[in-house]
């Protein structure tokens, strides 16, 4: 029987992945002053038993001001590092699934309330709010307070903060680092002409707008071990007139590849409130395909990938090398098990669960 592509291994730098299913970073808005809590242990722990090839920790802010909300996870000091270490060490006691982390700064989309409380931006004078910062003093929403335009000194501080957080991730034994340059957050804000109106070397044409994200990537790549994968999540398009488009994204992807990027995770949108997204199953896969056609490094597709046959088609036809699951795996934390059963693949399961293997799928667990 033909082995499904979704359950074939893939090596990224020195990191060996057992299959092509990635658990995407998903913000939980449940940290205490940047510190992970028992919720993260429960949430990440169950996903570490899912049979996917890698578990990605949610966007961890490199500075307090870079959090989306006041309950976001951080990795900016010894406290936040110790809290994350407690969670990781507990998970590692029971799962050998590789763990990646997404490092981020929310830029002008920071200082908001929790999503289930409405998600409105909180003013600097609010108990849980602060002044946001961005490439240019252009608010995400006309009702928001304008962000402070980043000067050169602050840009250097933020770049160094990404490096510091990356070094903390190395100390924690994390297996891979992803830089967040998507969804309208800081690095994406530099890339898009809709949010970057700078007239210095960090603005203007794509080469100028890409210079700060590339500087951050370059600094992180140089600061971590050579064998550690460093990847980037990008928005393939802003879905808005005059914004970042797939042509610019493929050009930026080639820049990343030249700098030593190990994989590119292609999402989209999140930068402009006027975006018009044609949401449907696999709606972002054509963006991943375009990037894959432009680079020679692995590409990850994400977005309304819910069906095993759908996921298999994406990797088997070469549209992408891996698929990332977010809401799908929240709804069904054993999705990789079910996909393997349907497609004829195998997944790793903990010894404590081996007896649950259905009789009709005798070779499900490896």
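Residues of segment 298-307 that are crowded, with 20+ Cβ neighbours inside 10 Å and either touching a helix residue (DSSP H, G or I) at 6+ places or on another chain (Cβ under 6 Å) or closer than 23 Å to residue 3 by Cα (or both): 298, 299, 300, 301, 302, 305. Being under 19 Å from residue 46 (Cα atoms), touching a helix residue (DSSP H, G or I) at 6+ places or on another chain (Cβ under 6 Å) and buried (at least 23 other Cβ atoms within 10 Å of the Cβ) is the filter here, so list the residues in segment 63-121 that pass it. Hits for segment 63-121 are 87, 101.
Is it the case that segment 129-136 has a residue that's more than 30 Å from residue 263 (Cα to Cα), at pLDDT below 95 and either surrounded by 15 or more Cβ atoms within 10 Å (Cβ to Cβ) or more than 21 Å from the chain's Cα centre (by Cα) (or both)?
Taking segment 129-136 as the starting set, the residues that turn out to be more than 30 Å from residue 263 (Cα to Cα) are 129-131.
Narrowing the set further to residues that are at pLDDT below 95 leaves none.
No, segment 129-136 contains no residue that is more than 30 Å from residue 263 (Cα to Cα), at pLDDT below 95 and either surrounded by 15 or more Cβ atoms within 10 Å (Cβ to Cβ) or more than 21 Å from the chain's Cα centre (by Cα) (or both).
Residue 252 meets each of the listed conditions (1) in a loop (DSSP other than H, G, I, E, B); (2) buried (at least 18 other Cβ atoms within 10 Å of the Cβ); (3) touching a residue at least 60 places away in the same chain (Cβ under 8 Å) apart from (1).
Count of segment 55-86 residues, restricted to those that are farther than 20 Å from residue 132 by Cα and either at pLDDT below 95 or assigned to a helix (DSSP H, G or I) (or both), is 9.
Within segment 38-52, can one find any residue that is without any contact (Cβ under 8 Å) to a residue 40 or more places away in the chain, surrounded by fewer than 22 Cβ atoms within 10 Å (Cβ to Cβ) and assigned to a loop (DSSP other than H, G, I, E, B)? No, the conditions are met nowhere in segment 38-52.
Just to be sure before I move on: is residue 133 under 13 Å from residue 108 (Cβ atoms) and out of contact with any helix residue (DSSP H, G or I) (no Cβ under 6 Å at 6 or more places or on another chain) in the structure I sent?
For residue 133, the condition - under 13 Å from residue 108 (Cβ atoms) and out of contact with any helix residue (DSSP H, G or I) (no Cβ under 6 Å at 6 or more places or on another chain) - is met.
Condition check: touching a strand residue (DSSP E or B) at 6+ places or on another chain (Cβ under 8 Å) and either over 20 Å from residue 12 (Cα atoms) or in a helix (DSSP H, G or I) (or both). Does residue 242 satisfy that? The answer is no for residue 242.
This table checks each residue for (1) under 18 Å from residue 19 (Cα atoms); (2) without any contact (Cβ under 8 Å) to a residue 12 or more places away in the chain; (3) in a helix (DSSP H, G or I); (4) under 19 Å from the mean Cα position of the chain (by Cα).
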| position | (1), (2), (3), (4) |
| --- | --- |
| 291 | no, no, yes, yes |
| 294 | no, no, no, no |
| 300 | yes, no, no, yes |
| 320 | yes, no, no, yes |
| 328 | yes, no, yes, yes |
| 339 | yes, no, yes, no |
| 342 | yes, no, yes, no |
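For segment 8-21, the criterion of being part of a strand (DSSP E or B), at pLDDT 95 or above and in contact with a helix residue (DSSP H, G or I) (Cβ under 8 Å, 6 or more places away or on another chain) is satisfied by at least one residue. The set of residues in segment 12-27 being in contact with a strand residue (DSSP E or B) (Cβ under 7 Å, 6 or more places away or on another chain) and surrounded by fewer than 18 Cβ atoms within 10 Å (Cβ to Cβ) is empty.
Which condition number does residue 212 fail, the rest of (1) in contact with a strand residue (DSSP E or B) (Cβ under 9 Å, 6 or more places away or on another chain); (2) touching a residue at least 40 places away in the same chain (Cβ under 8 Å); (3) surrounded by 17 or more Cβ atoms within 10 Å (Cβ to Cβ) being met? The single condition residue 212 does not satisfy is (1). Taking the criterion of being part of a strand (DSSP E or B) and in contact with a helix residue (DSSP H, G or I) (Cβ under 9 Å, 6 or more places away or on another chain), the residues of segment 177-201 that qualify are 177, 179, 180, 181.
The values are calculated or read from the model by the stated rules, or taken from the named source; none is laboratory data. Being a predicted model, the structure only gives us computed values, none of them experimental. Counting neighbours? That spans all protein chains shown, and the Cβs are built from the backbone with ideal geometry, glycine included.
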